[in-house]
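Comments concern the structure below.
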Amino acid sequence: MSLNYAEGLSKYEDKGVCGLKEIYDDPSKLDEKISSLAQFIREANHVVVHTGAGISTSAGIPDFRGPKGVWTLEKEGLKPNMSISFNEAKPTVTHMALVALLNKGYIHFLVSQNIDGLHLRSSFPPDKLAELHGNMFLDKCDQCERIFIRNEATSSVGQKYTGEFCPLPKPNGRRCRGKLHDTILDWEHELPLRDLDLADINSREADLSICLGTTLQINPSGKLPVLTKKAGGKLVICNLQPTKHDKSADLLIHGYIDDIIVKLAKKLEVEIPEYKVSSDQTKNMTEKTQEYIQDLCIDAKISTKVKKTCENFDVKQKQRTNTDRKFETSIKKESEEKCERQSPIKDEDVQKENDLNL
């Protein structure tokens, strides 16, 4: 559960504002707001959804800053009563509704701060998904950088070696010899480049960003929805607690996320599918690991400039994956030698460097 994940992180004092009082909209007001959200979606060309821990609480996974959140209770020396493993948790009605809304063309990209793997297990397409803080069900090879699905949640946190080796050969047929590491970020880690770039691109291009179950306190993910607003689009925030960017929102909806999404789907005439184990990639693997393909999302409605950015990034990623490490090393060495010839280091500079090191 998220408690075990939290305990695996390094110590970090500034965890944001925790335990703020929850707000509940009057039922009639809530319905009115959801109707407005439905209309926003109908009028939009590119809709991006940003999800936080609040969409997984109904799956039995505690949030972090709610009244009974992990960080909130930690300050009181307590722990959440809820107890469910990441393996036991199932995608919620919200997770399944997001897949249906995507398939119907109402939303176009999803940015998530969650590490619980429920978007993956709901069969949300990886090319339309950016997971900024990692995924309990994904490992990454430290050599070829390919990503693999796990059949059970990782027990490590902080991009550590899982004890498994890369199961696939390199493009040249040789054994990769890489080690698999978990993809879960610790506080000091940089966000994954592919996911952050796509989240940034889509947030800037969106004419509507919808935030579900997040107080938007952790950056840079918390700032992404505001990029939509700065570019002239609309911002909708659905959360029980006040958020860092409420003043920037065009619409604030205070209610349980599942209730909001079920009513929204009904207004948009979208049928929400049930979660099926048979469609869960983590439950139907013949091997312990299976490659996870992340083709980059290039939506037809995104501008030519953004398409070009995506294409260039895709090419760079493929080139890096398909290039032998020895070749990369030789190129790097040639580049360093060239720079050295262009800007030779003087003996006195070396002496100064040595003096500083001493």
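The values are calculated or read from the model by the stated rules, or taken from the named source; none is laboratory data. Computed from a prediction, not measured in an experiment: that's the story for all the values here. Positions of Cβ are generated from backbone atoms using ideal geometry, with glycine treated the same way; all protein chains shown enter the neighbour counts. The protein model used for the area step is the full one, side chains on, heavy atoms only, and it has no ligands, DNA or RNA in it. Shrake-Rupley method; radii C 1.70, N 1.55, O 1.52, S 1.80 Å.
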> Does region 22-35 hold any residues that are within 28 Å of Asn219 (Cα to Cα) and either open to solvent by less than 50 Å² (accessible area, probe 1.4 Å) or modelled with pLDDT of 85 or more (or both), and which are they?
Replying inline: Ile23, Tyr24, Asp25, Lys33, Ile34
> Can you tell me how many residues in region 206-246 are within 25 Å of Ser56 (Cα to Cα) and free of Cβ contacts under 8 Å to residues at least 24 places away in the same chain?
Replying inline: 5
>> Going residue by residue through region 86-97, is there one that turns out to be buried (at least 21 other Cβ atoms within 10 Å of the Cβ), modelled with pLDDT under 95 and either in a helix (DSSP H, G or I) or within 17 Å of the chain's Cα centre (by Cα) (or both)?
In response: yes
> Restricting attention to region 232-245, which residues are touching a Lys or Arg at 6+ places or on another chain (Cβ under 8 Å) and in a strand (DSSP E or B)?
Replying inline: Leu235
>> Residues to consider are Lys223, Lys247; find the one that is among the charged types (D, E, K, R), surrounded by fewer than 18 Cβ atoms within 10 Å (Cβ to Cβ) and under 15 Å from the mean Cα position of the chain (by Cα).
In response: Lys223
> Just for region 174-190: of the residues that are open to solvent by less than 60 Å² (accessible area, probe 1.4 Å) and at pLDDT 85 or above, which one is farthest from the chain's Cα centre (by Cα)?
Replying inline: Cys176
> Is it true that His119 is at pLDDT 95 or above, closer than 20 Å to Phe137 by Cβ and under 23 Å from the mean Cα position of the chain (by Cα)?
Replying inline: yes
>> Within region 264-282, does at least one residue satisfy the condition of being free of Cβ contacts under 8 Å to residues at least 40 places away in the same chain, surrounded by 20 or more Cβ atoms within 10 Å (Cβ to Cβ), closer than 26 Å to Pro27 by Cβ and in contact with a helix residue (DSSP H, G or I) (Cβ under 8 Å, 6 or more places away or on another chain)?
In response: no
>> Tell me yes or no: at least one residue of region 204-213 is outside any strand (DSSP E or B) and more than 24 Å from Gly105 (Cα to Cα).
In response: no
>> Going by what's in this entry, would Lys229 be described as buried (at least 17 other Cβ atoms within 10 Å of the Cβ), in a loop (DSSP other than H, G, I, E, B) and of a type in the set (D, E, K, R)?
In response: no
> If you go through region 191-233, how many residues are modelled with pLDDT under 95, touching a strand residue (DSSP E or B) at 6+ places or on another chain (Cβ under 8 Å) and farther than 26 Å from Cys141 by Cα?
Replying inline: 3
>> Let me spell it out: the conditions are (1) surrounded by fewer than 24 Cβ atoms within 10 Å (Cβ to Cβ); (2) farther than 16 Å from Cys211 by Cα; (3) at pLDDT 70 or above; (4) touching a helix residue (DSSP H, G or I) at 6+ places or on another chain (Cβ under 8 Å), and His108 meets all of them except one. Which number is the exception?
In response: (2)
>> Looking at region 135-172 only, could you name the residues that are in a strand (DSSP E or B), open to solvent by 10 Å² or more (accessible area, probe 1.4 Å) and not aliphatic (A, V, I, L, M)?
In response: Lys140, Arg150, Tyr161, Thr162, Gly163, Glu164, Phe165, Pro169
> Of all residues in region 98-125, which are assigned to a helix (DSSP H, G or I), over 25 Å from Gln217 (Cβ atoms) and touching a His at 6+ places or on another chain (Cβ under 9 Å)?
Replying inline: Val99, Leu102, Arg121
